1. Taking the conditions exactly as written (crowded, with 18+ Cβ neighbours inside 10 Å and free of Cβ contacts under 8 Å to residues at least 24 places away in the same chain), does F50 satisfy them or not?
2. Hey, does the range 57-69 have a residue that's open to solvent by 40 Å² or more (accessible area, probe 1.4 Å), touching a residue at least 60 places away in the same chain (Cβ under 8 Å) and not in a loop (DSSP other than H, G, I, E, B)?
3. Hey, any hits in the range 32-41 for a residue that's surrounded by 10 or more Cβ atoms within 10 Å (Cβ to Cβ) and part of a loop (DSSP other than H, G, I, E, B)?
4. Going through the range 19-31 one residue at a time, which ones are open to solvent by 40 Å² or more (accessible area, probe 1.4 Å), part of a helix (DSSP H, G or I) and not β-branched (V, I, T)?
5. Within the range 1-21, take every residue that is hydrophobic (A, V, I, L, M, F, W, C) and over 10 Å from the mean Cα position of the chain (by Cα) and give me the one that is modelled with the lowest pLDDT.
6. Taking interchain pairs and intrachain pairs at least six residues apart, which have beta carbon atoms under 8 angstrom, with the first residue in the range 1-30 and farther than 16 Å from N70 by Cα and the second part of a loop (DSSP other than H, G, I, E, B) and at pLDDT below 95?
7. Quickly run through the range 1-15 and pick out the residues that are in a helix (DSSP H, G or I) and more than 12 Å from M61 (Cα to Cα).
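The values are calculated or read from the model by the stated rules, or taken from the named source; none is laboratory data. Keep in mind that this is a model prediction, so the values were computed, not measured. Cβ coordinates were reconstructed from backbone atoms using ideal geometry, including for glycine residues, and neighbour counts include every protein chain displayed. Heavy atoms of the whole protein, side chains included, go into the accessibility calculation; ligands, DNA and RNA do not. Shrake-Rupley method; radii C 1.70, N 1.55, O 1.52, S 1.80 Å.
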Amino acid sequence: MDKNEYNSKKVQKLIFKHFKLVGTLNPTNKESYIELANLYCEHEDFIVFFDNYHKGLAQFMSKSMIYFANNDSRN
């Protein structure tokens, strides 16, 4: 996060893995993934959870996930 932008290849590769992982737990398409991304940066519990790892991580995850959903053509 400190060394790579949300839309970098490295971050997007990790986000693709996250997308696949989320899909194993619950059927996920890119629209529902955007909804989850919005939840990550709007719901206080998610913000606290992610920001305990790194301040601003919830917002970074959300931005990265939305970028992935709007730009990745693998799914």
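1. On the way: crowded, with 18+ Cβ neighbours inside 10 Å: yes; free of Cβ contacts under 8 Å to residues at least 24 places away in the same chain: yes.
Yes; evaluated as a whole, the condition is true for this residue.
2. Yes; the residues of the range 57-69 include at least one that is open to solvent by 40 Å² or more (accessible area, probe 1.4 Å), touching a residue at least 60 places away in the same chain (Cβ under 8 Å) and not in a loop (DSSP other than H, G, I, E, B).
3. Looking for residues that are surrounded by 10 or more Cβ atoms within 10 Å (Cβ to Cβ) and part of a loop (DSSP other than H, G, I, E, B), one finds none in the range 32-41, hence no.
4. K20, L21, L25, E31
5. Of the range 1-21, the ones hydrophobic (A, V, I, L, M, F, W, C) are 1, 11, 14-16, 19, 21.
Subset that is over 10 Å from the mean Cα position of the chain (by Cα): 1, 21.
Working: M1: 91, L21: 95.
Going through the qualifying residues, I end up with M1.
6. These pairs meet every condition: V22/T28.
7. Step one: list which residues in the range 1-15 are in a helix (DSSP H, G or I), which gives 9-15.
Once the filter is applied, which keeps residues that are in a helix (DSSP H, G or I) and more than 12 Å from M61 (Cα to Cα), the range 1-15 yields K9, K10, K13.
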